[in-house]
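Report on one structure; see the data block that follows.
The values are calculated or read from the model by the stated rules, or taken from the named source; none is laboratory data. Quick caveat, the model's predicted, so the values are computed rather than measured. No Cβ is skipped: glycine too gets one built from the backbone with ideal geometry, and neighbour counts run over all protein chains shown.
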Amino acid sequence: MSDRSTIRILIIDDDLEFAGVLCMHLTAAGYAAEVAEDAVVGGKVLMANPPALVLCDIGMPYLSGLELMSLMQTDVRSASIPVVFISGRNDSGTMARAVELGAADFLAKPITREQLLQTVEACLQSGGRKAALPDYGFPPVV
């Protein structure tokens with residue numbers, strides 16, 4: 001990833017102050033970042049000009065981040081765009097639904113600049129594929 005300026009990252013969050021901070025960190029790191037104030041606007045932006053990565057809140061008016069991702073999965077233009085959820089909603093049900101939908105990662109607010117940049121870089125390098133689950137030495141529960 002030698003030229004980050006060509007890598008577009010779409011931030012979808014109704015907390016514009018938080019989204020602005022994310023945008024500032026990403027642009028300082030050389031990425032082309034853009035903010036959408038809710039999932040409806042974000043959906044329109046990502047369909048008009050698909051980004052390399054979406055950073056998305058979950059709890060937003062009109063359409064939640066989980067609902068947006070579910071809709072993204074139904075369209076070939078957006079199904080392969082990796083989504084990282086950044087949310088204050090980190091209960092097990094919400095996180096399970098994010099994983100079920102294929103989220104590239106999930107960060108619980110508040111996050112640090114380092115967490116943000118490490119997660120973005122890891123997702124871009126892996127093509128948005130979720131890293132393998134850790135092996136704890138016992139079979140998974142089905």
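Kindly indicate whether any position in the range 98-118 is within 17 Å of MET24 (Cα to Cα), of a type in the set (Val, Ile, Thr), touching a Leu at 6+ places or on another chain (Cβ under 8 Å) and surrounded by 14 or more Cβ atoms within 10 Å (Cβ to Cβ). No: zero hits. For beta carbons closer than 9 Å, sequence separation of 6+ or different chains, a first residue in the range 16-43 that is free of Cβ contacts under 8 Å to residues at least 12 places away in the same chain and a second that is assigned to a helix (DSSP H, G or I), the qualifying pairs are VAL21/ARG113; ALA28/ARG113.
If the condition is being in contact with an Asp or Glu (Cβ under 8 Å, 6 or more places away or on another chain), aliphatic (A, V, I, L, M) and crowded, with 23+ Cβ neighbours inside 10 Å, then the range 44-56 contributes only LEU55. Within the range 1-43, restricting attention to residues that are within 14 Å of PHE85 (Cα to Cα) and of a type in the set (Gly, Ala, Ser), the residue that is surrounded by the fewest Cβ atoms within 10 Å (Cβ to Cβ) is ALA19.
For the range 100-121, the condition of being in a helix (DSSP H, G or I) and modelled with pLDDT under 90 holds for none of the residues.
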